[in-house]
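Structure first, then comments.
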Amino acid sequence: MPDFQVIQGGMGVGVSNWRLARAVAQCGQLGVVSGTGLAVVLARRLQQGDPSGDMRRGLAAFPFPAIAQAILQKYFVADRVEGTPRYRLTPMPLAQNTQSLVELTVAANFVEVYLAKQGHAGLVGLNLLEKVQVATLASLYGAMLAGVDYVLMGAGIPRMIPGALDALAAGRPAELRVDVAQAGPGEVFQSRFDPCEIVGSGTPPVLARPRFLAIVSSSTLALTLARKSNGRVDGFVVETPVAGGHNAPPRGALSLNARGEPVYGERDHADLAKIREIGLPYYLAGGYASPAGLAQARAGGARGIQVGTLFAFCAESAIEPGLKSATLARAQAGTVEVRTDPLASPTGFPFKVLKMPGTLSQAQVYAARPRICDVGYLRQAYRKTDGTVGYRCPAEPVGDYVNKGGVAADTVGRKCLCNGLFSTLGLGQVTAAGVAEPPLLTSGDDVVNLPQVLRWAARKRAVAPGNDSLARADSPDALGGYTAADVLGYLLES
């Protein structure tokens, strides 16, 4: 297994884009693209006119030109007028998706990985969420068509992913069990993907099987995956509760602190001695994003660390520049704040929310937003009375959710992560009423370490050829942006 020390976290949706993953891979570490919602990302980038031409360049390399052409015809807008009010919506994902969404998902993941792998011989991974089950197989296949080197997955128990990778690599159909609420005893619902749906009448190609790293929060889960997965697990990323995005719920009864956050205890930290006994490579994530943290992880037996937050606000990430600058300014001023919100995510998992004016982290912004569910990646499947599968989301209109058998209390505090996170990328929808969807930022607790990276980058610039003003490096005016290479230089002290 390659001896990289840093995994760049796969931050969704689209924050870990191909530019960020490529920049990290070029430096010899594992660059990772987020596969969550990439069908929507591609469709909206095309509707923005694809000014750089990169999406069309990726589609031109897609091995099935008829599919690429159909996507361009449907979504590409050559002369998008500034302020055009709405994006054309993509189909909502289902256990058995429409052919058009399957094709768009495969192509979108291919494009992102293909672009990330250009111009270097480094390694690129794909990050997916177990909670977003219905898009997983098509996402994996698209990434594998582009030669993805690693697949990383958490937010659940991804026990069936190794077998799916084996099947797709061999050109065989793959199936994943879909969690369906209110399913009867013995009822099994599955999502199925057949490579022939993409290849057509030809024979599906044999593809390289990427390595699989499971993202876990306990030694028990790691051992279960190592022993009971339906294929080979190649290693683990072991997360602590301070990591960004979704966190595993605390073990035992839920209690909240004075800030309304879940209280985590000793039981919620993985037993690293037992992780080591499994004998597979592992990386630590959440609270290790510093040179000292990396040294501590490696001294304890880990191969290295996974880092998300420090990369999230670097030049190559896809966060909208204004939000990025505002976060950096708050970090420099010591006023940046992250809250673990036990209610925000429709998945029911705690979710880290970065407090920022004008975003869904503000109560007045959240209250003013009409409840709309028109993207649908975090909807929950449920069994309807006729035995078919329906879909509901606790962030949708309360009446709709209750009419589908949901409990009204479960809608309290739920935020539309889908629309909020797309807005964070500058790909936000404008509703039919003309209201722009507000953004939502997520971050790990390591956001407080951003000033250290900024100072490291400023010092590097100050001593660069042609600039010998070292004193200037620590001045506030010098603390501008930084790059993915700066993050790696800081972590690896190079």
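The values are calculated or read from the model by the stated rules, or taken from the named source; none is laboratory data. All of these numbers come straight from a predicted model, not from anything done at the bench. Heads up, the Cβs are rebuilt from the backbone with ideal geometry, glycines too, and the neighbour counts pull from every protein chain shown.
When region 223-252 is limited to residues that are touching a residue at least 60 places away in the same chain (Cβ under 8 Å) and hydroxyl-bearing (Ser, Thr, Tyr), the one that is surrounded by the fewest Cβ atoms within 10 Å (Cβ to Cβ) turns out to be THR224.
Quick grid of which residues meet (1) within 16 Å of the chain's Cα centre (by Cα); (2) more than 23 Å from TYR288 (Cβ to Cβ):
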site: GLY14; (1), (2): yes, yes
site: VAL33; (1), (2): yes, no
site: PRO65; (1), (2): no, yes
site: LEU72; (1), (2): no, yes
site: ALA78; (1), (2): no, yes
site: ALA95; (1), (2): no, yes
site: VAL106; (1), (2): no, yes
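Quick one: count up the residues across region 279-290 that are touching a Leu at 6+ places or on another chain (Cβ under 6 Å) and modelled with pLDDT of 95 or more. Within region 279-290, residues that are touching a Leu at 6+ places or on another chain (Cβ under 6 Å) and modelled with pLDDT of 95 or more number 0. Checked against (1) surrounded by 19 or more Cβ atoms within 10 Å (Cβ to Cβ); (2) without any contact (Cβ under 8 Å) to a residue 60 or more places away in the chain, PHE212 meets all criteria but (2). Comparison of ALA270, ALA243 shows that the only residue that is in contact with a Gly (Cβ under 6 Å, 6 or more places away or on another chain), within 17 Å of GLY304 (Cα to Cα) and either modelled with pLDDT of 95 or more or not β-branched (Val, Ile, Thr) (or both) is ALA243. Against the condition on the phi < 0 side of the Ramachandran plot, surrounded by fewer than 19 Cβ atoms within 10 Å (Cβ to Cβ) and touching a residue at least 60 places away in the same chain (Cβ under 8 Å), how does ALA363 come out, does it pass? Considered against the rule, which asks whether it is on the phi < 0 side of the Ramachandran plot, surrounded by fewer than 19 Cβ atoms within 10 Å (Cβ to Cβ) and touching a residue at least 60 places away in the same chain (Cβ under 8 Å), ALA363 comes out as no.
The combined condition, being free of Cβ contacts under 8 Å to residues at least 12 places away in the same chain and either surrounded by 22 or more Cβ atoms within 10 Å (Cβ to Cβ) or not small (Gly, Ala, Ser) (or both), is fulfilled by ASP386. Can we say VAL24 is over 17 Å from VAL237 (Cα atoms), in contact (Cβ under 8 Å) with a residue 12 or more places away in the chain and not small (Gly, Ala, Ser)? In short, yes. Counting only strands (runs of 3 or more DSSP E) that sit completely within region 97-204, those holding 1 or more residues that are polar (S, T, N, Q) and crowded, with 19+ Cβ neighbours inside 10 Å correspond to 124-129, 190-193.
The set of residues from region 360-378 being outside any loop (DSSP other than H, G, I, E, B) and either under 14 Å from PRO346 (Cα atoms) or within 22 Å of the chain's Cα centre (by Cα) (or both) is empty.
Scanning region 375-402 for residues that are within 26 Å of HIS246 (Cα to Cα) and among the β-branched types (Val, Ile, Thr) yields a count of 4.
Restricting attention to region 1-37, the residues being within 16 Å of LYS117 (Cα to Cα) and either in a loop (DSSP other than H, G, I, E, B) or not hydrophobic (A, V, I, L, M, F, W, C) (or both) number 13. Pairs are defined by a Cβ separation below 7 Å, a sequence spacing of at least 6 or placement on different chains, a first member in region 165-194 that is touching a residue at least 60 places away in the same chain (Cβ under 8 Å), and a second member that is buried (at least 16 other Cβ atoms within 10 Å of the Cβ) and of a type in the set (S, T, N, Q); the pairs so defined are VAL178/GLN133; VAL178/SER191; ASP179/GLN133; ALA181/GLN380; SER191/GLN133.
Selection of first residues in region 331-354 that are part of a loop (DSSP other than H, G, I, E, B) and of second residues that are β-branched (Val, Ile, Thr) and surrounded by fewer than 20 Cβ atoms within 10 Å (Cβ to Cβ), restricted to Cβ pairs under 7 Å at least 6 apart or on distinct chains, gives the following pairs, ordered by first then second residue: VAL336/VAL448; LEU343/VAL412. Residues that are farther than 29 Å from VAL32 by Cα and without any contact (Cβ under 8 Å) to a residue 40 or more places away in the chain: does region 366-382 have at least one? Among the residues of region 366-382, at least one is farther than 29 Å from VAL32 by Cα and without any contact (Cβ under 8 Å) to a residue 40 or more places away in the chain, which makes the answer yes. Answer yes or no as to whether GLY231 is under 16 Å from MET153 (Cα atoms), in contact with a Leu (Cβ under 8 Å, 6 or more places away or on another chain), assigned to a loop (DSSP other than H, G, I, E, B) and among the small types (Gly, Ala, Ser). So GLY231 fits the description; yes.
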